[in-house]
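Enquirer: Let me begin by handing over the structure; questions about it come next.
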Amino acid sequence: MRKNFRNLFVLPFFLLCFLSAQAQDYVYEIQLAIYATPEYKKFKPLHSVGYAYSIEMKNGLYRIMMGTYSSKNTAKDKLKLVQRKGFKDAYIVKKELKEADAVYIVQLATYDQQADIYWSDWQRLSPQLVAQLSDNKVRVAIGPYYTRAEAEEVQARVQMRGPKDIFIKKVSNKVLHKVEKFDFERSASYGQNSGSMRLSVKALQELLIKEKLYEVASNGALTPTTKSAMIQYKKTNKHYLLHRKMAEEMDSDDIIENYTLQYYINMIPKDPATAAAGLKQFKNPISKIFLAYIYLNGDLQVADKTTKVNQLMNASLEKVFKSYRGETRYDFSMKYSYEDVGQLLQHLKAMYEVLKVRPDIPCWLFKRHPRVMKKTFQPYWNNRRDDYTVSNDCGSFMDLEELRVLSLVSEEFAESKTTFKGIKGINQLYIAPHPIPHQEIEALEKWNGNLWKNLKSLEGGSPLQQNMYSLLRFSYYDALQVLETHFMFKGMPGIEARSLGLKILKKTVGENLRTYLK
């Protein structure tokens with residue numbers, strides 16, 4: 001009898017557990033509307049209520065949702081608030097969660113739903129961002145992946161250049177949504193991130209207001225009115241005009257000497273026959289690689305192409321790696337057969353990672369093979385082995401008048417005579433910019449802040465100091481906004497473009513302004 005009495009309690013206990021588990025098999029969302037081209041500003045009144053997002057349907061339209069909620073009662077409460085805000089047609093959607101829907105994600109961070117998420121911080125780590133919503137939190141992640149092994153591979157790769165405390169999580173695919181422009185627009189920082197509001201432009205506007213050349217409130221937008229005021233400054237400020245004239249007469253320090261290895265490498269797209277004849281004169285293994293490229297890419301027709309390419313490539317690789325004892329990306333103890341340019345470029349990059357003396361990578365390679373070059377030359381080792389220089393055969397930062405003017409102006413603040421230098425080492429960013437680590441972005445912003453904090457003392461100095469301060473500030477932020485525009489045209493988000501611009505400024509004029517960083 002005692003045994004049966006005990007079972008009366010055990011059975012309800014297991015039943016309760018079963019029912020509780022079943023209750024977790026459903027989540028609830030609120031459908032707000034369906035749009036062809038959704039914009040978050042139309043749903044901004046709901047910002048304090050919950051997290052609204054968009055999902056593209058098969059017909060190309062977008063379903064605007066809010067959620068996700070673990071209980072129907074919570075969803076009902078939210079629906080009442082939504083309808084009070086004017087969205088009368090909104091309704092609750094019930095979603096069933098099944099084991100078959102389970103996927104893996106690499107979780108990066110958790111935010112309150114009202115937080116301003118700087119999406120570019122996460123975009124630089126992966127283009128495959130997803131968000132998982134709970135009653136009041138937003139979890140930013142990379143995914144989804146159908147096996148844990150895939151997720152672990154991504155986790156390891158991200159930890160090399162991002163936060164170390166990320167982790168893998170198993171969730172239902174039904175509670176994830178792909179992060180889209182709608183999510184970006186939700187963040188308060190979106191204006192700056194998209195480039196529509198720039199701190200560099202705002203600094204210019206504030207200066208132009210003091211110069212009585214701009215009468216509109218400073219909002220950071222590069223409007224026609226702002227551009228007109230900038231042009232007026234450049235036409236009327238005699239100190240700027242003087243430095244501008246000097247900038248026009250500046251000589252490039254990156255002129256390629258005739259008949260050098262670099263000279264013939266840069267010549268390949270224009271005159272492959274002469275370039276090939278020139279490359280044959282050099283014993284440098286890099287010359288053989290570019291000769292093999294000419295044949296393999298079809299720039300110059302040659303008999304028995306495959307044999308010649310393989311001979312040139314394998315001989316060059318053996319010369320470089322036979323006695324090399326360091327770690328390499330590929331096994332160079334074996335012989336390779338080359339059928340596509342991609343593999344050749346991968347091995348070229350591997351050689352650049354170990355050779356101490358090497359020519360610049362020609363810019364034309366990035367124009368001819370943009371996808372392959374971007375993938376091949378992205379940071380891998382996260383040390384100086386990733387560094388390389390790019391030739392200026394298709395342009396450089398030196399071509400920007402605003403940067404040349406700034407360089408000359410900054411020399412007025414230098415402790416000793418300096419020259420316009422440092423561009424060659426970062427010219428790779430001119431043709432193929434890539435995201436920079438978050439820690440470096442923070443360091444660049446700190447550098448910029450400290451610089452102008454210390455320079456501000458000149459604003460209250462003598463008339464000469466005031467004029468020089470004004471000239472430097474205008475030239476500095478004018479150069480920065482031009483650099484930002486350059487990087488945004490290359491596809492970089494606004495905040496990322498600003499950081500890259502600051503990196504160029506620090507490299508080119510940082511030494512001249514060192515006195516004001518002590």
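Enquirer: Given the criteria of a type in the set (A, V, I, L, M, F, W, C) and within 28 Å of the chain's Cα centre (by Cα), does residue 217 qualify?
Expert: Considered against the rule, which asks whether it is of a type in the set (A, V, I, L, M, F, W, C) and within 28 Å of the chain's Cα centre (by Cα), residue 217 comes out as no.
Enquirer: For residue 107, indicate whether it is at pLDDT 90 or above, polar (S, T, N, Q) and touching a strand residue (DSSP E or B) at 6+ places or on another chain (Cβ under 6 Å).
Expert: For residue 107, the condition - at pLDDT 90 or above, polar (S, T, N, Q) and touching a strand residue (DSSP E or B) at 6+ places or on another chain (Cβ under 6 Å) - is met.
Enquirer: A further question follows. Out of (1) farther than 30 Å from residue 369 by Cα; (2) modelled with pLDDT of 95 or more; (3) not hydrophobic (A, V, I, L, M, F, W, C), what's the single condition that is false for residue 219?
Expert: Of (1) farther than 30 Å from residue 369 by Cα; (2) modelled with pLDDT of 95 or more; (3) not hydrophobic (A, V, I, L, M, F, W, C), only one is false for residue 219: (2).
Enquirer: Please tell me if residue 306 is in a loop (DSSP other than H, G, I, E, B) and in contact (Cβ under 8 Å) with a residue 24 or more places away in the chain.
Expert: Details: in a loop (DSSP other than H, G, I, E, B): no; in contact (Cβ under 8 Å) with a residue 24 or more places away in the chain: yes.
Considered against the rule, which asks whether it is in a loop (DSSP other than H, G, I, E, B) and in contact (Cβ under 8 Å) with a residue 24 or more places away in the chain, residue 306 comes out as no.
Enquirer: Pick from region 147-201 the residues that are among the aromatic types (Phe, Trp, Tyr) and either outside the structural domain of residue 40 (by TED's automatic domain parsing) or at pLDDT below 90 (or both): which of them is farthest from residue 119 (Cα to Cα)?
Expert: 190
Enquirer: Restricting attention to region 462-508, which residues are surrounded by fewer than 21 Cβ atoms within 10 Å (Cβ to Cβ) and part of a loop (DSSP other than H, G, I, E, B)?
Expert: 462, 490, 491
Enquirer: Got a sec? Which of 427, 512, 467, 450 is within 30 Å of residue 188 (Cα to Cα) and touching a helix residue (DSSP H, G or I) at 6+ places or on another chain (Cβ under 9 Å)?
Expert: On the way: 427 fails: within 30 Å of residue 188 (Cα to Cα); 512 fails: within 30 Å of residue 188 (Cα to Cα); 467 fails: within 30 Å of residue 188 (Cα to Cα).
Exactly one residue qualifies, and that residue is 450.
Condition check ((1) surrounded by 12 or more Cβ atoms within 10 Å (Cβ to Cβ); (2) at pLDDT 95 or above; (3) within 30 Å of residue 344 (Cα to Cα)) across all residues:
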position	(1), (2), (3)
237	yes, yes, no
247	yes, no, no
254	yes, no, yes
263	yes, yes, yes
266	yes, yes, yes
274	yes, yes, yes
279	yes, yes, yes
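Enquirer: Something else: Quick check on my filter: what residues within region 65-77 are aliphatic (A, V, I, L, M) and touching a residue at least 40 places away in the same chain (Cβ under 8 Å)?
Expert: 65, 75 - these are the residues of region 65-77 that are aliphatic (A, V, I, L, M) and touching a residue at least 40 places away in the same chain (Cβ under 8 Å).
Enquirer: Here's something else I'd like to know. With respect to residue 204, determine if the residue is modelled with pLDDT of 95 or more, in a loop (DSSP other than H, G, I, E, B) and buried (at least 17 other Cβ atoms within 10 Å of the Cβ).
Expert: Here the answer is no, as residue 204 does not meet what is asked.
Enquirer: Of the residues 350, 315, only one is more than 23 Å from the chain's Cα centre (by Cα), assigned by TED's automatic domain parsing to the domain that holds residue 293, small (Gly, Ala, Ser) and under 27 Å from residue 124 (Cβ atoms); which?
Expert: Numbers: 315 fails: under 27 Å from residue 124 (Cβ atoms).
When all the criteria are applied, what remains is 350.
Per-residue answers, yes or no, for (1) assigned by TED's automatic domain parsing to the domain that holds residue 146; (2) farther than 18 Å from residue 51 by Cβ; (3) touching a Gly at 6+ places or on another chain (Cβ under 7 Å); (4) touching a residue at least 12 places away in the same chain (Cβ under 8 Å):
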{"site": "79", "(1), (2), (3), (4)": "yes, no, no, yes"}
{"site": "88", "(1), (2), (3), (4)": "yes, yes, no, no"}
{"site": "98", "(1), (2), (3), (4)": "yes, yes, no, yes"}
{"site": "103", "(1), (2), (3), (4)": "yes, yes, yes, yes"}
{"site": "108", "(1), (2), (3), (4)": "yes, no, no, yes"}
{"site": "114", "(1), (2), (3), (4)": "yes, no, no, yes"}
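Enquirer: Quick check: anything in region 430-442 part of a helix (DSSP H, G or I), closer than 30 Å to residue 124 by Cα, at pLDDT 90 or above and charged (D, E, K, R)?
Expert: Checked region 430-442: no residue is part of a helix (DSSP H, G or I), closer than 30 Å to residue 124 by Cα, at pLDDT 90 or above and charged (D, E, K, R).
Enquirer: For a quick check of your reading: which strands (runs of 3 or more DSSP E) sit entirely within region 42-105 and have at least 2 residues that are surrounded by 19 or more Cβ atoms within 10 Å (Cβ to Cβ) and of a type in the set (Gly, Ala, Ser)? Give the steps one after another, and end with the answer.
Expert: Values: elements: 52-56, 62-69, 91-96.
Filter on region 42-105 gives 52-56.
Enquirer: Does residue 126 count as under 25 Å from the mean Cα position of the chain (by Cα) and in contact (Cβ under 8 Å) with a residue 24 or more places away in the chain?
Expert: When the stated conditions are applied, residue 126 passes them.
Enquirer: What about residue 313, is it under 16 Å from residue 291 (Cβ atoms), in contact with a His (Cβ under 8 Å, 6 or more places away or on another chain) and surrounded by 17 or more Cβ atoms within 10 Å (Cβ to Cβ)?
Expert: On the way: under 16 Å from residue 291 (Cβ atoms): yes; in contact with a His (Cβ under 8 Å, 6 or more places away or on another chain): yes; surrounded by 17 or more Cβ atoms within 10 Å (Cβ to Cβ): yes.
Yes, satisfied.
Enquirer: Which of the residues that make up region 333-363 are in a helix (DSSP H, G or I) and either of a type outside the set (Phe, Trp, Tyr) or closer than 24 Å to residue 306 by Cβ (or both)? Working first, answer last.
Expert: As a first pass, look at region 333-363 and keep what is in a helix (DSSP H, G or I): 341-352, 363.
Selection gives 341, 342, 343, 344, 345, 346, 347, 348, 349, 350, 351, 363.
The values are calculated or read from the model by the stated rules, or taken from the named source; none is laboratory data. This one's a predicted model, so the numbers in the text were calculated from it and none came from an experiment. Positions of Cβ are backbone-derived with ideal geometry, glycine not excepted, and every protein chain shown enters the neighbour counts.
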